[in-house]
1. Could you give me the ³J(HN,Hα) list for the range 23-29, computed from phi with Karplus coefficients 6.51, -1.76, 1.60 and θ = phi - 60°, whole Hz, x at Gly and Pro?
2. Would you mind checking which residues have amide H under 5 Å from VAL205's amide H? H placed 1.01 Å from N; only 5 or more apart, or other chain.
3. Which value, in debye to the nearest 20, describes the size of the charge dipole of the range 2-144 about its Cα centre when Lys and Arg Cβ atoms bear +1, Asp and Glu Cβ atoms bear -1, and nothing else is charged?
4. What are the semi-axes of the equivalent ellipsoid for the chain, taken as the square roots of 5 times the Cα gyration tensor eigenvalues, largest first, in whole Å?
5. Quick check on the exposure proxy: order HIS395, HIS317 from fewest to most C-beta atoms within 10 angstrom.
6. Rounded to the nearest angstrom and ordered from largest down, what semi-axes does the equivalent ellipsoid of the range 309-457 get from its C-alpha gyration tensor (root of 5λ)?
7. Sequence neighbours fewer than 8 away in the same chain don't count; with that in mind, list the lysines whose C-alpha is under 27 Å from LYS396.
8. Out of residues 5 or more away from GLY503 or on other chains, whose amide H comes under 5 Å of its own, with H placed 1.01 Å from N in the peptide plane?
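Since every read-out is calculated from the coordinates, none of them should be taken as a lab result. Please read all numbers here as calculations on a predicted model, not as lab measurements. Using ideal geometry, Cβ is built from the backbone for each residue, glycine included, and neighbour counts are taken over all protein chains shown.
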Amino acid sequence: MEVIESRIDTSGDEYKANYAAMEEMVTTLKEELRKARDDRSEKARKRNRELGKLTVQERLDRLLDRNTPWLEIAPLAARGMYDGQVHGAGSRAGIGLIHGREVLVHANDPMIKGGTVYPLGVKKTLRTQTIAMENRLPSVILVDSGGAYLPLQSEIFPDADDGGRIFYNQAIMSKMNLPQICAVLGLCTAGGAYIPAMSDHVVHVKNTGAIFLGGPPLVKAATGEDVSAEDLGGALVHCRDSGVSDYFAEDDAHAMQICRDIVEFLPSQEKAKIPTRPPREPLYDPKEIWGIVPLSISTPYDIREIIARIVDGSEFHEFKALFGPTLVCGWGYVHGYLAGFLGNNGVLFSNSSLKATQFISLCDRQGIPLIFLQNISGYMVGREYERGGITKDGHKMVNAVATATVPKFTVIVGASFGAGNYGMCGRAYSPRFLWMWPNAQIGVMGGEQAADVLVTVKNDQLAREGKPPLSQEMVDSIRRPIIHSALREGDAFYSTSQLWDDGILDPAKTRDVLGLAISVSLNAPLEGRVQGHGTFRM
Ligand code: COA
């Protein structure tokens, strides 16, 4: 394979300015991640200690193999929402190794409002279940939760993608033969009781773990009976009398050990085979990406410079290099795994869309995972391009992306606007994982463009009515709020708080995260290599 020859001047002023700006964003990201992991009230910490419980981090440390990678999912979910303290939407989730096996782990944090489940907590749980199902992973669920966060119960309970879907998915996952191991480390009340009940293996901790459909206060109110939590749904009751739980644990650490033992004896699973070769570091330092990404999202740059800092040996076999040059397609290895890359180098035209369609179809048939590096303002607009059939060519690309069955991964490295988001495998196109870089922005269109559209619409309306156009003051009053909300809601930190992605990445870590994600994806068989796509509009 040819080595990409970088043209970046790492001593230039532009590089240095870009580097400094990205460094600041990455520092902010790291601080936000630290807060999400560690910031808990002293009151909650004290209560956790009094109860003899481990913290979530201590539980994870005992559950996972030491010094092995941990691919965290949505650590900044619900950032800035609710009272600003519901870090990670109230839980930690990720994929880690237990006895060398990739396992999805999801843990309620009892130090955040008693581990209660907020609306975005439901969304995060559903996302983790989707990841487990798509990648065929066993799950370990560490339950320690007061159940629904009652003040927001109407947003958690009734709809199709609300709380009930969690238990529905658990039944489907069990049927799919995806083992679910539940450790009861705190309360599992009401609906929450179904988390262990629907699991395949239940480990229950003495004194602190309890499972019941109605807790002691409800029992008292309903029947007048005085009963302690331990007596109503403790480990002894459920391991000895009811049979709801399978393993009696003395404490949290013992429970983590039992979970590890259960994973050790799960039947082994053959991973899907894709072309591999021994991994090698890129020729260029991935951290140089900091200096390559321009300060402004609208400044173009060559996506090959990014690919050169992601692929092994910076080697890249480019496909149709001279055709449709605004989309770079080609193959490279990431940590030893072969992948097909699609990276934007400008607006999508008909020829770049056709090239993408052909490339996706090739990779799909050859069983090669796809990596989308998204930096796209959309498909080309205008009379010439409409006549040239940009819509039907864009459709072919969107169709191919939607129907490709190989694992797909998306990193939004800059702009993600309009139908370009669809063609480049946005969230709705089911990439196995989707991440943002801290500089990324997402929306139907940029704020300026959206504001201009609305001003034009208004002026056209006034002209139809024979009235004069908007004054500058009125134009400003239309434009300002649109630009403001597009900036706020298009920001990577806003996106990640809403769970539109699986997390924000330090660009320098992109290669490592992609390597882990490809490895995880291979737990599921490669399907549909000869199934093709839908009907193409010619
Ligand atoms: N909805 C909203 N807030 C809740 C809650 C719920 N279901 N359960 C607990 N909280 C809040 C508490 O009000 C408290 O808030 P504060 O820190 O602002 O004072 C915080 O969570 C911690 O609760 P606390 O009782 O002080 O902590 P704990 O560790 O002693 O006990 C629970 C935690 C979850 C065991 C206990 O609060 C409890 O039993 N909650 C009710 C569970 C229930 O019946 N849920 C039914 C819903 S399906």
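1. Values per residue, Gly and Pro as x: 4, 5, 5, 5, 5, 4, 4 Hz.
2. VAL184, ALA249
3. Values: 24 positive and 22 negative charges, 220 e Å.
Dipole about the Cα centre, nearest 20: 1060 debye.
4. Computed over the chain, the values are 44, 29, 22 Å.
5. Listed from fewest to most nearby Cβ atoms, that is HIS317, HIS395.
6. 26, 17, 14
7. Qualifying lysines at Cα under 27 Å: LYS320, LYS355, LYS408.
8. Amide H to amide H, under 5 Å and 5 or more residues apart or across chains, GLY503 pairs with ALA74, MET436.
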